[in-house]
1. Rounded to the nearest 10 degrees, what's the angle between the helix 138-150 long axis and the longest principal axis of the chain, both from Cα atoms, 0 to 90?
2. In degrees from 0 to 90, rounded to the nearest 10, what is the angle of the helix 168-183 Cα long axis to the longest principal axis of the chain?
3. How high is the FRET efficiency from Arg176 to Ser57, r the C-beta distance, R0 41 Å, rounded to 0.05?
4. Sort the following peptides by mean Cβ neighbour count (other Cβ atoms within 10 Å, averaged over residues), highest first: 105-114, 202-211, 49-58, 224-233.
5. Rounded to the nearest 0.05, what FRET efficiency do Val169 and Ser68 have when you use their Cβ-Cβ distance and R0 = 30 Å?
6. In nm, give the distance between the simple-model label positions of His196 and Gln108, each being 7 Å from the Cα along the Cα-to-Cβ direction.
7. With runs of 4+ DSSP H residues as the only contributors, calculate the mean residue ellipticity of the chain at 222 nm using -39,500 (n - 2.57) per run, divided by the residue total and rounded to the nearest 500.
8. With N residues in the range 172-235, what two-decimal value do you get for its Cα radius of gyration over 2.2 N^0.38 Å?
Amino acid sequence: MKLLQVQEMRAAYGRIEVLHGVSLHIDAGEIVALIGANGAGKTTLLRTLSGVHPLASGGIVFGGEDMSAQPSQVRLRAGMAQVPEGRQVFGPLSVRDNLLMGAYVRDQAEVPQDIERVLDMFPILREKQHLPAGSLSGGQQQMLALGRALMARPRLLLLDEPSMGLAPVIVHEVFRIIRQLRTQGTTILLVEQNAHLALTVADRAYVMESGRIAFTGDSRAVRSDPMVQKAYLGL
Ligand code: ATP
């Protein structure tokens with residue numbers, strides 16, 4: 001089943017168009033990677049999907065509903081949750097309160113049980129739940145940003161550069177959790193500079209260049225494409 005269908009998405013900053021008609025889809029249960037060089041438009045695509053950046057033209061259909069003109073809260077309520085680049089946790093608030101903020105759009109009855117589920121998934125967050133989020137290390141803040149997004153019970157998780165700035169051992173842990181989420185049925189769009197890592201975990205991938213999709217296929221096909229190997233895998 002197609003969970004997300006994006007048709008000819010265009011987006012701009014002022015008069016400068018940076019997405020020039022991007023089409024892609026994501027089926028329920030997939031992990032789909034979006035790779036590409038700095039400035040290719042990956043973050044803009046995620047932000048346009050979640051509704052924090054305006055769609056200039058094109059269509060976004062999510063769960064069978066046309067979201068193209070809907071504000072970000074409606075998209076979040078429908079099940080699209082974004083983990084932004086650079087994490088953006090609320091530093092002065094406690095870890096627990098940051099998690100609770102992730103659940104503000106939804107029915108509150110099951111929040112206590114979901115908090116427990118997230119704290120089970122990230123034992124370090126349980127340990128530090130009463131400390132200010134700003135006191136956590138970068139890796140722990142990435143876990144918190146993920147946990148906060150999960151509190152919205154997303155059907156589609158939009159992950160922007162989850163490995164950025166993290167030590168390899170923490171990156172490994174973040175990717176272990178991404179795999180675990182998939183086995184629990186969460187669909188994921190993963191934006192990653194680290195193409196090698198992204199293609200290891202993803203079912204399919206889109207390669208973006210200068211605001212367009214340059215190549216797409218299952219991860220194996222993308223990994224063995226000579227252009228991708230040269231430009232993104234350093235082979
Ligand atoms: P990165 O990996 O560096 O985040 P990206 O693939 O996510 O790169 P975007 O951040 O989406 O790319 O940027 C796409 C284009 O839009 C780039 O040319 C960038 O310079 C431009 N751009 C991004 N943000 C803004 C902004 N706030 N104002 C003007 N131009 C912007």
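Throughout, read-outs are computed from the coordinates displayed, never taken from laboratory work. Computed from a predicted structure; not experimentally measured. Cβ: placed from backbone, ideal geometry, glycine included. Neighbour counts: every protein chain shown.
1. Between helix and principal axis, roughly 90 degrees.
2. For 168-183 against the chain, the angle is about 90 degrees.
3. E between Arg176 and Ser57, to the nearest 0.05, is 0.55.
4. Top of the packing list down: 202-211, 49-58, 224-233, 105-114.
5. After rounding, the FRET efficiency stands at 0.15.
6. Each label point lies 7 Å from its Cα, and together they span 4.8 nm.
7. It comes out at -10500 deg cm²/dmol, rounded to the nearest 500.
8. For the range 172-235, the normalised Cα radius of gyration comes out at 1.14.
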